[in-house]
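Following: one structure in structure tokens, then a few remarks.
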2 protein chains.
Amino acid sequence: MTDTVSGSRARTRQAILDAATAVFARNPGATLGDVAVAAGVGRTTLHRYYADRAELVTALHIEAGRRLETARLRARIGEDTGAEAVRRLGQEYFDLGDILSLLFNDQITLDGGAAEKDDACDPEFEAMVRRGYEDGSIDRSLPADWVQSLLWAQLYAGWSYLAERQVSRHEALRLVLHSLMNVLRPRG
Amino acid sequence: MTDTVSGSRARTRQAILDAATAVFARNPGATLGDVAVAAGVGRTTLHRYYADRAELVTALHIEAGRRLETARLRARIGEDTGAEAVRRLGQEYFDLGDILSLLFNDQITLDGGAAEKDDACDPEFEAMVRRGYEDGSIDRSLPADWVQSLLWAQLYAGWSYLAERQVSRHEALRLVLHSLMNVLRPRG
DNA sequence: CCACAGTGGAACATTGATGTTCCAAAATAG
DNA sequence: CTATTTTGGAACATCAATGTTCCACTGTGG
């Protein structure tokens, strides 16, 4: 119960976290009981791992931050043309799935060293956009933080489109990336 | 108390409705007490006008539907090129302000005869997009319902951008419409 | 087989939102 | 000014979510 990871405990803990992600993504006001059911676990057990609702939410934030961070790293936003980098970032973020919905439904501000959705545009992202200005792949009339807003908005659009229409995940991603490239493209 | 609109009553009723719009737009889980305070009215009075929370929410839906409908009419989406019509629609919707946030935060499905955000694309909207295909102002690889998703997503982006950055409402609108036109424009 | 970590269910106290009732004060109409 | 409408506050009952405690059950490792 202290800090030894007994295998079973780690598995349960993760199951709860995953369930919480899925449940809260669909309904931010969901009950801890809902989460417990989704995790296939008793409410008592849930409280054993996360005493508070707040504690669970915090864990969720941390997890989301980690996932977002690794996705961002995978995208290697420092390479290629600006637009290409944005495209890769969009793709990686899209794959986060439920995590994205969390970031929207709750207005999670990722506090840690991770990427931020709300806060002022971070340097790396801004550098990527600026690079796009230079190499002619990104419309100069779009400020970097607006590009970031567009990225999030279109990811959101993609997922709600996926949820509401009968469309393959692949087709939704295609539309998102296509539209993302289109919106960045300088007027020709 | 029956059905006579005594002037005072109508005014109070509207104040509550407006307050509810503003409050729920920022926090869907807000208390009825919060709404009452925002309306400058006692909680008792609020219950006098809307017995239930559900009743208040219903009234909110109806109001939102009406506002959305008139905005849509003002946009005259049957005229001009497809892209121009989308632009006007975007402008009109943008002016709805808090109503928009409501449509996102809650997942209000506008049931009545009004425009729908979630449901399958409505005929008028689809006709507008199709017209855009024909007149060359809208990219043929964008399905009509995806265009609708994009419209909503970018409006959302505009408002969150407005809320989080220090940007004028006018500038936010400019970015939204610019990006909207950009994303629709066929590859040339 | 036994010890024990891990679990689930029942019961309970607590809390905050909700909805209701009642009454006195304030605003408005006549 | 007087009668009526409209309002706000206090008090109350209800309800659902929360968090806690306790105990019995299960499975696994020894």
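Each value in this text was obtained by applying a stated rule to the coordinates, not by laboratory testing. Being a predicted model, the structure only gives us computed values, none of them experimental. Quick reminder, even Gly has a Cβ in these numbers, built from the backbone with ideal geometry, and neighbours come from all protein chains shown.
Structure notes:
- Cα pair distances exceeding 19 angstrom across the range A:117-188, given as percent: 40
- By the beta-carbon count within 10 Å of each Cβ, the least crowded to most crowded order of B:Ser168, A:Ser101, fewest first, is B:Ser168, A:Ser101.
- Largest-first principal axis extents of the Cα set of the protein assembly as shown (Å): 66, 63, 39
- Surrounding net charge for A:Thr12, when Lys and Arg each add one and Asp and Glu each subtract one, Cβ distance under 14 Å: +4
- Near B:Ala127: Cβ cut-off under 12 Å, other residues only, Lys/Arg at +1 and Asp/Glu at -1. The net charge is -3.
- Working note: Cα gyration tensor of the range A:2-52, eigenvalues times five, square-rooted, sorted largest first, giving semi-axes of 20, 11, 9 Å.
- Alpha-carbon centroids, the range A:48-90 and the range B:137-188: separation in whole Å: 25
- Per-residue HN-Hα couplings for the range B:60-66 [Karplus 6.51, -1.76, 1.60; θ = phi - 60°; Hz; x = Gly/Pro]: 5, 4, 4, 4, 4, x, 4
- Sorting B:Leu184, B:Leu150 from the fewest to the most surrounding beta carbons within 10 angstrom yields B:Leu184, B:Leu150.
- Rg of the Cα atoms in the range B:33-188, relative to 2.2 N^0.38 Å, amounts to 1.17.
- With the Kirkwood sum run over all distinct C-alpha pairs, the range A:41-103 has a hydrodynamic radius of 13.4 Å.
- Neighbour-count order for A:Thr44, B:Thr45, B:Thr12, fewest beta carbons within 10 angstrom listed first: A:Thr44, B:Thr45, B:Thr12
- Given chain A, longest segment not containing exposed loop trypsin sites (Lys or Arg not before Pro) (DSSP; at most 14 other Cβ within 10 Å): A:1-75
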